[in-house]
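Asker: Would you mind keeping the following structure in view while I ask a few things?
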Amino acid sequence: MAKLIEVEALRAGYGAINVLWDISLSAEEGKLTCILGPNGGGKTTLMRAIMGLIPVRSGKIRFNGHEVANLPTWDMVADGVTMIPEGRMIFRDMTVEDNLLIGGFVRRARPRARKNLEIAYDMFPRLKERRHQLASSLSGGEMQMLAMGRGLMEEPKLILVDEPSLGLAPVVVDEVMTILDRLRQQGRTIILVEQNTNKALEVADHVYLVRGGKVVLSEPAANVDLDRLHDLYFARDI
Ligand code: ATP
């Protein structure tokens with residue numbers, strides 16, 4: 001299977017603080033790649049660096065056959081990378097439908113925005129029921145669905161999902177994971193950042209564990225030894 005994105009020896013951080021230390025990983029086309037790791041390990045920073053939201057200090061990012069490190073975010077979006085950010089970042093004072101249509105505004109997908117809206121509503125029937133409501137009136141789980149629906153409206157080639165289960169009740173987390181699994185079965189390429197190890201392992205094809213801005217484990221999800229993962233996750237000396 002072809003690699004859709006390859007990150008090589010990437011360094012990035014904030015001001016005087018470097019967070020990612022020569023991190024290398026990749027995601028195969030049509031697979032769900034999961035990035036696990038404790039708080040502050042650098043997972044969100046990695047997503048931001050890929051999206052061009054913070055500068056890449058050194059290293060390479062190859063997406064769909066070309067080098068994209070330090071491309072502006074709008075070029076990444078135009079190239080087909082969408083990020084469903086931690087915290088969801090929905091427009092609370094707009095309706096559910098207008099939030100979705102914002103995703104459909106990307107030039108590549110704009111001609112099919114109405115059709116993609118129906119596809120999003122098929123996947124998230126609750127959003128259809130609430131399409132004229134303000135987004136601020138949604139539950140946390142519905143807001144996560146909205147953020148995912150908005151991302152899908154962009155017709156992405158690569159979907160980056162940052163901690164979708166954050167702050168959600170267990171039953172809602174299951175719903176979110178079921179949707180990610182369905183997207184995976186549709187052959188979409190997904191990078192999922194998660195702290196919920198057990199849930200993530202249920203849907204992942206490949207797993208990376210990131211700690212201290214480095215990859216400390218890279219394995220097919222089916223081969224992951226939970227005890228070893230646990231030890232590496234909580235180790236004190238990395
Ligand atoms: P979490 O699950 O808590 O989001 P994470 O693995 O995604 O963890 P990051 O959010 O990437 O971790 O944070 C990595 C490090 O960078 C942390 O030490 C954090 O304090 C720091 N950091 C994150 N954002 C900023 C910022 N805007 N300015 C300065 N430091 C930051």
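The values are calculated or read from the model by the stated rules, or taken from the named source; none is laboratory data. A quick note: this is a predicted structure, and the numbers were derived from the prediction, not measured. Quick reminder, even Gly has a Cβ in these numbers, built from the backbone with ideal geometry, and neighbours come from all protein chains shown. These area figures cover heavy atoms from the full protein model, side chains too; ligands, DNA and RNA do not enter into them. Shrake-Rupley method; radii C 1.70, N 1.55, O 1.52, S 1.80 Å.
Asker: Anything over 25 Å Cα to Cα? Flag those among Lys60/Lys115; Lys115/Lys199; Lys3/Lys43; Lys31/Lys128; Lys60/Lys199, in the order listed.
Answerer: Lys60/Lys115; Lys115/Lys199; Lys31/Lys128; Lys60/Lys199
Asker: Work out the length of the dipole vector of the chain about its Cα centre, built from +1 on the beta-carbon of each Lys and Arg and -1 on the beta-carbon of each Asp and Glu, and round it to the nearest 20 debye.
Answerer: Working: 30 positive and 31 negative charges, 137 e Å.
With only Lys, Arg, Asp and Glu charged at Cβ, the dipole is about 660 debye.
Asker: Calculate the dipole size of the stretch 85-217 relative to its Cα centre from +1 charges on Lys and Arg beta carbons and -1 charges on Asp and Glu beta carbons; express the result in debye to the nearest 20.
Answerer: Working: 20 positive and 18 negative charges, 109 e Å.
Charge dipole of the stretch 85-217: 520 debye, to the nearest 20.
Asker: Please report the net charge: other residues with Cβ closer than 12 Å to the Cβ of Asn196, K and R +1, D and E -1.
Answerer: For residues surrounding Asn196, the net value is -3.
Asker: Heavy-atom accessible area of Arg228 with all protein chains present, probe 1.4 Å, nearest 10 Å²?
Answerer: Approximately 110 Å² of Arg228 is accessible to the 1.4 Å probe.
Asker: Round to a whole angstrom and tell me the spacing of the C-alpha centers of the stretch 1-49 and the stretch 93-112.
Answerer: With the stretch 1-49 and the stretch 93-112 each reduced to a Cα centre, they are spaced 28 Å.
Asker: Moving on to the next point. Can you pull the Kirkwood radius for the stretch 50-187, inverse mean 1/r over Cα pairs, to one decimal in Å?
Answerer: 15.6
Asker: What percent does the relative contact order of the chain come to when contacts are Cα pairs within less than 8 Å and at least six residues apart?
Answerer: 28
Asker: Then there is this: Considering the options Leu180, Met143, Gly104, tell which one lies farthest towards the positive end of the dipole of the stretch 100-181, charges being +1 on Lys and Arg and -1 on Asp and Glu at the Cβ, about the Cα centre.
Answerer: Towards the positive end, the residue furthest out is Gly104.
Asker: Same structure, new question: List the residues whose amide H sits under 5 Å from the amide H of Gly37, counting only those 5 or more places along or on another chain, with H placed 1.01 Å from N in the peptide plane.
Answerer: Counting only residues 5 or more places away or on other chains, the set is Glu194, Val210.
Asker: Would you kindly derive the ³J(HN,Hα) couplings of the stretch 192-197 from the backbone phi angles with the Karplus curve 6.51 cos²θ - 1.76 cosθ + 1.60 (θ = phi - 60°), listing them in order in whole Hz, with x for Gly and Pro?
Answerer: 10, 9, 8, 9, 7, 4
Asker: Something else: When the chain is fully extended, how far beyond the present Cα-Cα distance does Val171 get from Ala16, taking 0.36 nm per residue of separation? Please list the in-between numbers first.
Answerer: Details: separation 155, 0.36 × 155 = 55.80 nm, distance 4.10 nm.
Length difference between fully extended and current span is 51.7 nm.
Asker: Kirkwood-based Rg over Rh for the chain (C-alpha set), two decimals?
Answerer: On the Cα set of the chain, Rg over Rh gives 0.96.
Asker: Same structure again: Using a 1.4 Å probe, how large is the accessible area of Phe105, given in Å² and rounded to the nearest 10?
Answerer: In the full protein context, Phe105 sits at about 130 Å².
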